[in-house]
Structure formats: structure tokens, C-alpha cells
Amino acid sequence: MRILVVEDDRKVATFIRRGLEEEGYAVDVLHDGAAAGEQAHCIEYDAAVLDLMLPGRSGFQVLRDIRAEKAELPVLILTAKSSLEERVTGLDSGADDYMVKPFALAELSARLRALLRRGKPRETRLNMADLEMDIARRTVTRGGRRIDLRPKEYALLEYLMRNSDRPVTRSLIIEHVWDIHFDSISNVVEVHINSLRHKIDREFSPPLIHTVRGVGYMLTDKPP
């Protein structure tokens, strides 16, 4: 899943990015409001974390831009503005949630998960043959055996499982699992695919991750 963070304090933005990336999210960060609305329109995000006091355009202006184009995008305001009036204004302006700084990353993450569940009903479990992913617990098993995955491996497998039985291109994988600063020339996608194959296919049958020549990859128990 891909999150847009609009935060002018670079230390705070880095803190949020690192924390969310550790949970397997792809995170794009902007430090001013000028391009935030346009970027939210052009790129498919699952949620946005938005500061109110931004250079270029205020958080309220960015929120209006987002709501004009993507009314369904979950938006969490994260700001130092803490009065009741400001909270009410933020929520009435179209925000789905409102958090005040200083904040705990664990709470921010939990609130994002709640918004994602509310905004787009999503399965709590994904299955392919004897491979199962428990989204709530962030666990993966195959044949009843627990498989430990690094955050990006988990995010990549989740994307493949949500698109099971259909091929996905390398570009789509990059778009949904890595952020806008990702070096598209890198072989990191191939490295992670090979790592997943080692973990979920090597000791099991049938193999589930397949290369679709000239297209990309597909998770299926029916070889293409």
C-alpha cells in the first residue's frame, strides 16, 4: 500500500517515512503544499497524512484539492494545531481523522490502518492454494508453516496475492511497493522476487510465483 505524507518538518517526515516503511508501506514525502494536490491526483495512493501549516499552499487548501479530485482518499491531518475549533474545522473540511503533535508512531499507524479498513473494505485473509496471509496479524503461512518475511517482501507478496491469477508488470510492482524516489534501473524487484521464491516455493509444491515472459510476474497455482 502507498501512503502520501505532506510534512514540512523534515525530521518529522523522515521519522514517519521510516516507521511506515518498516511496516511495509511505500511512502512518498512532500515538504510543501504546492504540488501535493496534483500529486495525489496523478498517483494512486491508499491514504494521505497531511500537515496543516505548509509552505506554498496550506493543508486546508491541499485538502480541498484532494477532495475535488479524489473524494474517497482517506486523509489524516497531523498538526500542532490542537484547539477544539481547529479540530472541528479540519474534520468539517473533509479530513477523515485528526491527530495532534507530538504523536506516537504506533497510534498514527493504528489510525491509518483503521482508515484503510473504513475507506476500502479489504479482506482480512488472502489465500492461494495452501499459502495464507493474515492481514490483521501480518503473518504468512504455507502448509500451516509460518514464513518470516521482511517488510518489503511482505508488501510485494501482498500485492501479488491481491492480484493473483493475473500478471503484473515490473512497473506496477514498483509503483505499488516502492516510492517515487525508487531507482527504476535497480534490480531490487528481481532480488525480492527471488527471495520470496526461496521462502514460499522452495520447499513446497506447486510453485506459486511465476515469471510471465515479456510481461512480469504472476502468483497462481495454475502455471501460465
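The values are calculated or read from the model by the stated rules, or taken from the named source; none is laboratory data. The model shown is predicted, which means the values in this text are computed figures rather than measured ones. Here the Cβ positions follow ideal geometry from the backbone for every residue, glycine too, while neighbour counts run over all protein chains shown.
General remarks:
- Residues in the stretch 46-70 that are assigned to a loop (DSSP other than H, G, I, E, B) and either at pLDDT below 90 or of a type outside the set (A, V, I, L, M, F, W, C) (or both): ASP46, ASP51, PRO55, GLY56, ARG57, SER58, LYS70.
- In summary, LYS101 fulfils each of the numbered conditions (1) touching a residue at least 60 places away in the same chain (Cβ under 8 Å); (2) buried (at least 18 other Cβ atoms within 10 Å of the Cβ) with the single exception of condition (2).
- Scanning the stretch 16-42 for residues that are out of contact with any strand residue (DSSP E or B) (no Cβ under 7 Å at 6 or more places or on another chain), under 17 Å from LEU112 (Cβ atoms) and either of a type outside the set (D, E, K, R) or surrounded by 15 or more Cβ atoms within 10 Å (Cβ to Cβ) (or both) turns up GLY19, GLU23, GLY24.
- Within the stretch 1-30, the set of residues being of a type in the set (A, V, I, L, M) and either outside any helix (DSSP H, G or I) or not assigned by TED's automatic domain parsing to the domain that holds THR79 (or both) comprises MET1, ILE3, LEU4, VAL5, VAL6, ALA26, VAL27, VAL29, LEU30.
- Test result for LYS101, more than 21 Å from ALA13 (Cα to Cα) and of a type in the set (Lys, Arg): no
- Total residues in the stretch 71-87, condition within 19 Å of LEU115 (Cβ to Cβ) and assigned to a loop (DSSP other than H, G, I, E, B): 4
- GLY33 being in contact (Cβ under 8 Å) with a residue 12 or more places away in the chain, touching a Gly at 6+ places or on another chain (Cβ under 6 Å), outside any helix (DSSP H, G or I) and not acidic (Asp, Glu): yes
- Taken over the stretch 201-224, the criterion of being over 14 Å from LEU157 (Cβ atoms), aliphatic (A, V, I, L, M) and not in a loop (DSSP other than H, G, I, E, B) is satisfied by VAL212 alone.
- Applying a threshold of 8 Å to beta carbon distances and a minimum spacing of six or more residues, or different chains, the list of pairs starting in the stretch 201-224 at a residue that is more than 10 Å from PRO167 (Cα to Cα) and ending at one that is of a type in the set (A, V, I, L, M) and assigned to a loop (DSSP other than H, G, I, E, B) reads ASP201/LEU208; PRO206/ALA129; LEU208/ALA129; ASP221/ALA129; ASP221/LEU208.
- Residues of the stretch 137-156 classified as aliphatic (A, V, I, L, M) and closer than 10 Å to VAL177 by Cβ, total: 2
- Condition check for ILE147: assigned by TED's automatic domain parsing to the domain that holds VAL188, in contact (Cβ under 8 Å) with a residue 24 or more places away in the chain and closer than 30 Å to SER195 by Cα: yes
- Scanning the stretch 101-132 for residues that are closer than 14 Å to VAL75 by Cα, in contact with a strand residue (DSSP E or B) (Cβ under 7 Å, 6 or more places away or on another chain) and at pLDDT 90 or above yields a total of 3.
- Being modelled with pLDDT of 95 or more and either among the charged types (D, E, K, R) or touching a strand residue (DSSP E or B) at 6+ places or on another chain (Cβ under 7 Å) (or both) is a description that does not apply to THR169.
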